[in-house]
1. Could you list the residues of segment 18-47 with an amide nitrogen less than 20 Å from a label point located 7 Å from the Cα of ASN82 in the Cα-to-C-beta direction?
2. Normalised by the residues of the chain, what does the relative contact order come to in percent, with Cα pairs under 8 Å and at least six apart?
3. Which FRET efficiency value, to the nearest 0.05, is calculated for GLN34 and GLU97 with the Förster distance at 35 angstrom and r the Cβ-Cβ distance?
4. Which label marks the calculated value of log10 I(q)/I(0) by the Debye sum over Cα atoms at q = 0.10, 0.14, 0.17, 0.19 Å⁻¹, given the options [x] -0.30, -0.61, -0.95, -1.22; [y] -0.34, -0.66, -0.97, -1.19; [z] -0.42, -0.69, -0.95, -1.16?
5. Kindly state, to the nearest 0.05, the FRET efficiency for GLU73 paired with ASN14, given R0 = 22 Å and r defined as their beta-carbon distance.
6. Between segment 1-19 and segment 74-91, what is the separation of their alpha carbon centroids in Å?
7. Can you tell me the dipole magnitude for segment 25-148 around its Cα centre, using point charges on the Cβ only (Lys, Arg +1; Asp, Glu -1), in Debye to the nearest 20?
8. Add -39500 (n - 2.57) for each DSSP H run of 4 or more in the chain, then divide by its residues: what number comes out at 222 nm, to the nearest 500 deg cm²/dmol?
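Bear in mind that the values in this text are calculations on the coordinates, not laboratory data. All of these numbers come straight from a predicted model, not from anything done at the bench. A quick note on method: Cβ atoms are made from the backbone with ideal geometry, for glycine too, and the neighbour counts reach across all protein chains shown.
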Amino acid sequence: MELKGELELKRNINYVKEFLLDPKKFTECLPGLQNYEVEGNNFKAIFKLDVSQLRIPHISTLTANINAVIMDEGNKIEVVGNGRSAGIGIKISILMELIEAGVTVKLSWKAKIDLGMLMRLIGEESVRKIADVNVNYIINCISTKMGN
């Protein structure tokens, strides 16, 4: 599954890049963050995914564990990770391209998410609902932390 979007940030490119390359700052934008460890450009995080839109009685979140690395590719930053939630493997790749536009930076992002068996169990439409809510949380957090 692929999600993509854009965000305009009222900061200079170096500020945005420094923020996104800092695993501590990036990790703190994960939804329902429970715990994290940072080592260099790598991080491990435990967080809660909002699954309330599935309307399953007594289940509004699922705990996720992920190991990821943040890679600097010039004006492109990639976060690649894998982990587990509800006993199911998760793979994620988020590619963010920074484009300087005067006094702002356009952050163009594309996320590829492989939820393996979960996709087959609950279907793409349900997984997309979960992904949209959680990705929007991350994007809104980044925007807020940038002072937008």
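1. Within reach of a label on ASN82, which here means backbone N under 20 Å from a point 7 Å along Cα→Cβ, segment 18-47 contributes 37, 39, 41-47.
2. Relative contact order of the chain: 28 percent.
3. Once the sixth-power term is evaluated, E becomes 0.70.
4. [y]
5. Numbers: r = 16 Å, r/R0 = 0.71.
Computed FRET efficiency for GLU73 and ASN14 comes out at 0.90.
6. Here the two parts' Cα centres lie 18 Å apart.
7. 340 debye
8. Taken over the chain, the calculation gives -8500 deg cm²/dmol.
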